[in-house]
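Chemist: The structure is given below, and queries will be raised subsequently.
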Amino acid sequence: MRMSKLFFQTLREVPADAEIVSHQLMLRAGLMRQLAAGLFDFMPSGMRIKRKIEQIFREEMDAIGGQEILMPVVNSADVWKESGRWYEIGDDMARFHDRGDRDMCLAMTHEEVITDLVRQVISSYRQLPLVLYHIQTKFRDEPRPRAGMIRVREFTMKDAYSFDRDFAGLDEFYPKAYQAYFNIFRRCGIEPVAVEADVGMMGGTMAHEFMALTPVGEDTLLICDACNYHANRQVATFRKPEVDSGAPLSLEKVATPGVNTIEALAEFLQIPAAQTAKAIFMVAEVEDSQAADGSVKTRDQFVFAVVRGDMELNETKMTNALKARRLRPATVDEIRAIGAEPGYGSPIDVDRSQIVLMVDDLIPGSPNLVAGANEIDAHYKNVNYGRDYEADLVLDLVAAAEGHACPQCEAPLRAVRGVEVGNIFKLGTKYSKALGATYLDENGESHPIVMGSYGIGSGRLIASVIEHHNDENGIKWPISIAPYHVMLVSLATPKTPDVTAAAEQMYADLQAAGLEVLYDDRDERAGVKFNDADLLGIPLRLTVGGRGLKNGVVEMKVRRTGESSEIPLDQLVAGVQAAADAEWAFINSRLKEETLA
RNA sequence: CGGGGCGUAGCGCAGCUCGGUAGCGCGCUUCGUUCGGGACGAAGAGGUCGGAGGUUCAAAUCCUCUCGCCCCGACCA
C-alpha cells in the first residue's frame, strides 16, 4: 500500500478524550475513530489488524473441529422469550419493533439463535458432537462504555458453541477450547491468565475467563504465586483465618456516640476491626412467580448480611446464594422498617419476618464480636452467634483480597487487574432444554443437547495487545497481527530520482516475495516519516536514502527490539524475509501445551 | 443511575471572572527555499463558540433548560 493513498491520519497530539494508552495510540495511529460513546469506526489499518486477528480465530477454531456459520445481528424476540432472557435482561438489550410491530432486539450474544438453528437440524446422536462458530457484530447497551475499545457497546465477537450428547462429551471438548484460546492469545502476542469465573447471565456450571493482565483492567484477580491458584475476585475463595474460640462473655451495651463506621468503632473501642461484626443491608430482586406469557414476576427481598468487620461483602456470592436477579443497597427507610439502624445495625432484635439473614461462615466461630445495637450511638459487645441470634443462611459471603491465604496452599494471595479478553462456559442444558434442542440416542430416548459457549471480542483484544506492546513512540505490533509486515520508508526528494526508482523497485520486489508492504512514498520530511513509522508500529522498517544507496545497502530496523542493521541491496528480499521469519518465530515460540486449571 | 469534569477550526488549547461580534500552536492549501528523526519564509482557507430559550442596545461570556463526551462509583456475556 502506498501511504500517499492510504486513508489515515496520524495525530501528533493526544486526543483529550482518550485516557488509556491503547485508546490514545489507536486514535493517534489512525486505526479508528469514535462515532459516539462505545461506537467506533475502523479505518483501513485498523481493519487489517482486525481481519488478521479474526483469521487466527478461524484457524484455531477450525483446528478443533469448528465450522464457521453466520447468524443475524437482528433477532426476533421469540427465541429470547423461549429462553426467558427476554424478561431477565434489562436495559443492556436494545429492543425495537419492526414494521409489523413484532418484538425485535439486537443480539447481545447468540445462544438462543444457535440453539434454534441446531434444533432444526440435529435429531440424532449420530450428528453429535458438533462445534459451530461465527464472527459477528453484537450490541450491548452498556451503562458506561469506557477505556476506548476495552468496553464498548457495539463490537465484533467470535463466539463458538459446542454440542454434545452428554456432559462427558462437553468435558472432553472444553479443554480443547481452553487450549485453542491460549493459542489464539499467544499468537496475538498476549500471555493470558485463565481464571475461574462467575457464570453470570450465561448460566451454566463452569466458566473460565481469559485475562490480559494490565493495570487498566476492570476486573480484579487473585493469584497465588506458590500453587498457581487464580480466580476472578467475583468467585475467589480463601482460607479463612483461625480464630481463638474464647468463652462467650455476656452481652453488654456500650455507648458509642457518633461512631457509625467500622473504622471509627475499632478506633473508639481500641480493638481490631476483626473483632467487630459488619452489618450490610441489601435489597435483592428475586423471582416470585411466572406469568402465563412466560414473563417472570419479581419481588424485593430484604437481605441482612453479617460479615467480620475486616472483610468486604462479595456481592456476586450473595447474588448467587439468593439466586437474585440484581442487588442494591437498602434505603434508610427500608432499614428502619425492619427495626435496624444504619451505622448501628445488629442481627439481634430485628424483625425477622420479612428478611433473610445471612452470615459469613467465619462469624459462627468468631466469639465476642462488637456489633451495633440497632439504636443510634450504641453498640453491643460480646455478640455471639448461636447464643444471641441465628441466621437463615451461613456461607462464604466475603471477597478475597490481597494477602488472604490461598484456598489451596495458604500462601498469601496477590491481587492484580486484568481485562477479560475471552471466556469459555460449560452451559450444560440450560438453552437446549428451554428451546427443546434434543436428540435421540441409540435406544430411541430423547435427551437435551449439552452445550458449551466460547467467546472472544476482536476490538478488546486489539486494545489489549496494544496495552502490552507499546513504547513512548507508539505501537509495536507482533508480526502476526501487524497491519503490514514491512514499512518501506523512502527518503527520496525531487532531486534524487535514483532513490525514488530504487524505492519503487524494492516495493515491487518485496510484494512479489509475498511480504505485506506499506510504502511511505509521501512528500514528507524524514523525521515525520520515522515518527509515523514508530507510531504505526510495523515490525520491520526499511529506510531507502541516498546515503545507503551510495554504499549499496538499505537500513533495516526492527520495531520490537530497536535493533538496526544494513542489508546489501542485492540481498534485500532474502534479508527482509529472514527478519520477518525471525519475528514469526518469536511469536510462535510462545505456543505451548496447557492443562485445564 | 449517583459523584466529578469538559463541549470555542481536523487535533491540542486560550478567551468567559469584569458582555462590545473570536484568537494561539499543530495540521490543511498555494508559491519559494530546504531535505536521514516532527524545516523555514510569504500568502491563504477553515469556527451559526454543542443546541434551544431568556436577560441586554449588544452574549462564546450572564440566567434557565437541554444534548453530547470523558473520568470515578454502581453495573458488566
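The values are calculated or read from the model by the stated rules, or taken from the named source; none is laboratory data. In this text, all values refer to a predicted model and were calculated from it rather than measured experimentally. Cβ placement follows ideal geometry from the backbone for every residue including glycine, while neighbour counts extend to all protein chains displayed. Surface areas here come from the heavy atoms of the whole protein model, side chains and all, with no ligands, DNA or RNA. Shrake-Rupley method; radii C 1.70, N 1.55, O 1.52, S 1.80 Å.
Chemist: Within the stretch A:13-26, can you find the residues that are more than 7 Å from RNA strand B (Cβ to nearest atom) and either open to solvent by 20 Å² or more (accessible area, probe 1.4 Å) or aromatic (Phe, Trp, Tyr) (or both)?
Modeler: Correct list: A:VAL21, A:GLN24.
Chemist: Name every residue in the stretch A:548-569 that is touching a helix residue (DSSP H, G or I) at 6+ places or on another chain (Cβ under 8 Å), farther than 15 Å from A:ALA580 by Cβ and without any contact (Cβ under 8 Å) to a residue 24 or more places away in the chain, in order of residue number.
Modeler: Scanning the stretch A:548-569 gives A:GLY552, A:VAL553, A:GLU555, A:GLU566, A:PRO568.
Chemist: If you don't mind, another one. Among (1) surrounded by fewer than 19 Cβ atoms within 10 Å (Cβ to Cβ); (2) more than 12 Å from RNA strand B (Cβ to nearest atom); (3) among the small types (Gly, Ala, Ser); (4) in contact (Cβ under 8 Å) with a residue 24 or more places away in the chain, there is one condition A:ALA501 misses while meeting the rest; what is its number?
Modeler: Of (1) surrounded by fewer than 19 Cβ atoms within 10 Å (Cβ to Cβ); (2) more than 12 Å from RNA strand B (Cβ to nearest atom); (3) among the small types (Gly, Ala, Ser); (4) in contact (Cβ under 8 Å) with a residue 24 or more places away in the chain, only one is false for A:ALA501: (4).
Chemist: Do we find a residue being in contact with an Asp or Glu (Cβ under 7 Å, 6 or more places away or on another chain) and in contact (Cβ under 8 Å) with a residue 60 or more places away in the chain anywhere in the stretch A:385-393? Working first, answer last.
Modeler: The initial filter retains those residues of the stretch A:385-393 that are in contact with an Asp or Glu (Cβ under 7 Å, 6 or more places away or on another chain), namely none.
Checked the stretch A:385-393: no residue is in contact with an Asp or Glu (Cβ under 7 Å, 6 or more places away or on another chain) and in contact (Cβ under 8 Å) with a residue 60 or more places away in the chain.
Chemist: Report whether or not A:LEU35 is within 14 Å of RNA strand B (Cβ to nearest atom), assigned by TED's automatic domain parsing to the domain that holds A:ILE456 and in a helix (DSSP H, G or I). Full working, then the answer.
Modeler: Numbers: within 14 Å of RNA strand B (Cβ to nearest atom): yes; assigned by TED's automatic domain parsing to the domain that holds A:ILE456: yes; in a helix (DSSP H, G or I): no.
For A:LEU35, the condition - within 14 Å of RNA strand B (Cβ to nearest atom), assigned by TED's automatic domain parsing to the domain that holds A:ILE456 and in a helix (DSSP H, G or I) - is not met.
Chemist: I'm told A:ARG144 meets every condition in (1) of a type outside the set (Ser, Thr, Tyr); (2) touching a Lys or Arg at 6+ places or on another chain (Cβ under 8 Å); (3) farther than 20 Å from A:TRP80 by Cα; (4) in contact (Cβ under 8 Å) with a residue 24 or more places away in the chain except one. Can you identify the failing condition by its number?
Modeler: (4)
To keep it simple, each residue is scored yes or no on (1) touching a Cys at 6+ places or on another chain (Cβ under 8 Å); (2) farther than 28 Å from A:ALA212 by Cβ; (3) within 16 Å of RNA strand B (Cβ to nearest atom); (4) open to solvent by less than 30 Å² (accessible area, probe 1.4 Å).
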position	(1), (2), (3), (4)
A:ALA107	no, no, yes, yes
A:GLU111	no, no, yes, yes
A:ILE150	no, no, yes, yes
A:ARG153	no, no, yes, no
A:ASP164	no, yes, no, yes
A:ALA168	no, yes, no, no
A:PHE173	no, no, no, yes
A:ALA177	no, no, yes, yes
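Chemist: Look at A:LYS5 and say whether it is more than 15 Å from RNA strand B (Cβ to nearest atom) and either of a type in the set (D, E, K, R) or closer than 27 Å to A:ASP509 by Cα (or both). Step through it out loud before you land on a result.
Modeler: Working: more than 15 Å from RNA strand B (Cβ to nearest atom): no; either of a type in the set (D, E, K, R) or closer than 27 Å to A:ASP509 by Cα (or both): yes.
Answer is no for this residue.
Chemist: Would you point out which residue out of A:MET71, A:MET93 is in a loop (DSSP other than H, G, I, E, B), touching a helix residue (DSSP H, G or I) at 6+ places or on another chain (Cβ under 6 Å) and either modelled with pLDDT of 90 or more or open to solvent by 40 Å² or more (accessible area, probe 1.4 Å) (or both)?
Modeler: Values: A:MET93 fails: touching a helix residue (DSSP H, G or I) at 6+ places or on another chain (Cβ under 6 Å).
Selected residue: A:MET71, the only one of A:MET71, A:MET93 that is in a loop (DSSP other than H, G, I, E, B), touching a helix residue (DSSP H, G or I) at 6+ places or on another chain (Cβ under 6 Å) and either modelled with pLDDT of 90 or more or open to solvent by 40 Å² or more (accessible area, probe 1.4 Å) (or both).
Chemist: Same structure, new question: Could you tell me which residue of the stretch A:262-284 is most open to solvent (accessible area, probe 1.4 Å), considering only residues that are at pLDDT below 80 and farther than 22 Å from A:TYR389 by Cβ?
Modeler: Among them, the one singled out is A:GLU263.
Chemist: Can you list the helices (runs of 4 or more DSSP H) lying wholly within the stretch A:508-597 that have 2 or more residues being over 30 Å from A:VAL195 (Cβ atoms), under 31 Å from the mean Cα position of the chain (by Cα) and within 16 Å of RNA strand B (Cβ to nearest atom)? Write out each step before concluding.
Modeler: Details: elements: A:526-536, A:546-550, A:572-588.
In the stretch A:508-597, the matching helices (runs of 4 or more DSSP H) lie at A:526-536.
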